[in-house]
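Have a look at the structure below before the remarks.
The values are calculated or read from the model by the stated rules, or taken from the named source; none is laboratory data. Nothing here was measured: the structure is a model prediction, and the numbers come from that model. Cβ placement follows ideal geometry from the backbone for every residue including glycine, while neighbour counts extend to all protein chains displayed. For accessibility, only protein heavy atoms count, side chains too; no ligands or nucleic acids. Shrake-Rupley method; radii C 1.70, N 1.55, O 1.52, S 1.80 Å.
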Amino acid sequence: MKYFFIFISLSFSLAVKAEFIAKVDFVRGNITVNGVNPAFPINLREGDKIRAFPKTKPKKTGSFVRIIFANGDKVGLSNGEIVLEKFNKKESVFGLIKGQFFNYAKPGLDRKLKVKSRNVSLGVRGTKYMIEEKTDYSYICVCEGEVVATKGGRNSSVKAGYDLKVLPGKPINQSIEANDVMLKMVTDNFALLGEPVQKPKDDDQ
């Protein structure tokens, strides 16, 4: 299995040959990378450059990290843990272990983008969506564009303004219109991500 590691761009930057893939743009709370390995604890700070990383894990309630990738994609992680399984020009694959994962997928890139959790796999066609992973469900909400959720060979499309809850041991359902409370929570976090959701224009009266 291939592992990724992080190198902070201070004295390490000249010695590291790994390709630059992202930078930490905003941190609220205590964020660690590879924190499960006591021999290699690293606290992330704004401006740190990421060569590659196995786990990014906010450790305190209310923590949030914003990461900007070299291709223009942005990731926000709140009270969660992710693994970057693959990252290249053709494909990006994230593994969400727990918490809330917000993703701005830059339009126009000719690449596949996937997110995998214990309950569901997402193929991303949209630009702004979130997935929350808890022990008893996975929750998807889309603000712009579309994602396709897959479980057990069945697919469910989730478009802008809709959400989907996936339960362990249960077949996947069809998405439903998201309520105002959830949409506000998600849109607020995209504002924090630096990619505010564009509100649809009101119809002419």
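Considering only Cα-Cα distances, which of the following residue pairs are longer than 19 Å: K98/K184; K23/K199; K86/K106; K114/K184; K165/K199; K74/K151? Walk me through the numbers before you get to the answer.
Details: K98/K184 21 Å; K23/K199 28 Å; K86/K106 17 Å; K114/K184 24 Å; K165/K199 24 Å; K74/K151 25 Å.
Pairs exceeding the cut-off: K98/K184; K23/K199; K114/K184; K165/K199; K74/K151.
What order do you get for 163-170, 150-157 when each peptide is scored by the mean count of other beta carbon atoms within 10 Å, highest first? It would help to have the intermediate numbers written out before the result.
Values: 163-170: 15.8, 150-157: 13.4.
Highest to lowest by the protection proxy: 163-170, 150-157.
Using a probe radius of 1.4 Å on heavy atoms only, what accessible surface per residue do you get for region 86-205? Whole Å² is fine.
Numbers: 6770 Å² over 120 residues.
Averaged over the residues of region 86-205, the accessible area is 56 Å².
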- Message: Taking all protein chains in place and a 1.4 Å probe, what share, in percent, of the accessible surface of region 136-205 do carbon and sulfur account for?
- Response: 51 percent
